[in-house]
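*Asks:* First, the structure itself, so that you have it in front of you.
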Amino acid sequence: MYSSVYGRMVWKDVAPTMTTYCIGLNNGRFGHPKQNRAISLREAAILQSFPENYDLIDPNALFNAQILARQIGNAVPVGLGQAIALSIKKHIKSFDE
């Protein structure tokens, strides 16, 4: 039995890795923990540590959920990117001392 498809997320567990198909029930463990649906694009973005007020959709562009899901799934989590950048900055500053 494949436990990685049609799975439901669990509130107390670590979220699964977001993929480019993170809004589909049949593509991983992306079922909402309580509601009978897959997670939303916004929920996937929050799991990737995008700020809640981050504009995911360009108001001047045609909306395409699959393209947006791909962008979210391919993204480096914002918090991870920030941690890496701060580490590099600290390393570079150590050469100035």
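*Asks:* Could you state the per residue volume, in Å³, of the convex hull enclosing the Cα atoms of the range 11-59?
*Replies:* Hull volume normalised by residue count: 95 Å³.
*Asks:* Next question. I'd like the Karplus ³J(HN,Hα) series for the range 61-75: coefficients 6.51, -1.76, 1.60, θ = phi - 60°, whole numbers in Hz, and an x wherever there's a Gly or Pro.
*Replies:* Each residue's phi maps through the Karplus curve to give 10, 6, 6, 9, 4, 5, 5, 5, 4, 5, 5, 5, x, 7, 6 Hz.
*Asks:* Given the options L68, L47, L56, state which has the largest fluctuation in a GNM of the chain using a 10 Å cut-off (strictly under) for Cα springs.
*Replies:* Between L68, L47, L56, it is L56 that shows the largest mean-square fluctuation.
*Asks:* Let me ask another. Could you work out the per residue convex hull volume over the alpha carbons of the range 25-96, in cubic angstrom?
*Replies:* 139
*Asks:* Cut-off under 17 Å on the C-alpha distance; same-chain residues fewer than 8 positions from K34 excluded. Which aspartates and glutamates are left, in chain and number order?
*Replies:* Qualifying aspartates and glutamates at Cα under 17 Å: D13, E43.
*Asks:* Counting Lys and Arg as +1 and Asp and Glu as -1, each charge on the Cβ, what is the dipole of the chain about the Cα centre in debye, to the nearest 20?
*Replies:* 360
*Asks:* If you take the charge dipole of the chain about its Cα centre, with +1 on Lys and Arg Cβ and -1 on Asp and Glu Cβ, which of F50, G81, P16 is farthest toward its positive end?
*Replies:* Projecting each Cα onto the dipole axis, the largest value belongs to P16.
*Asks:* Turning to a different aspect of this structure: For the chain, what relative contact order do you get, as a whole percent, if you take Cα pairs closer than 8 Å and at least 6 residues apart?
*Replies:* This gives 26 percent for the chain.
Read the figures in this text as sums done on the coordinates, not as results from a lab. Just so you know, these numbers come straight off a predicted model, no measurement behind them. Ideal geometry is used to build each Cβ from the backbone, glycine not excepted, and the neighbour counts take in all protein chains shown.
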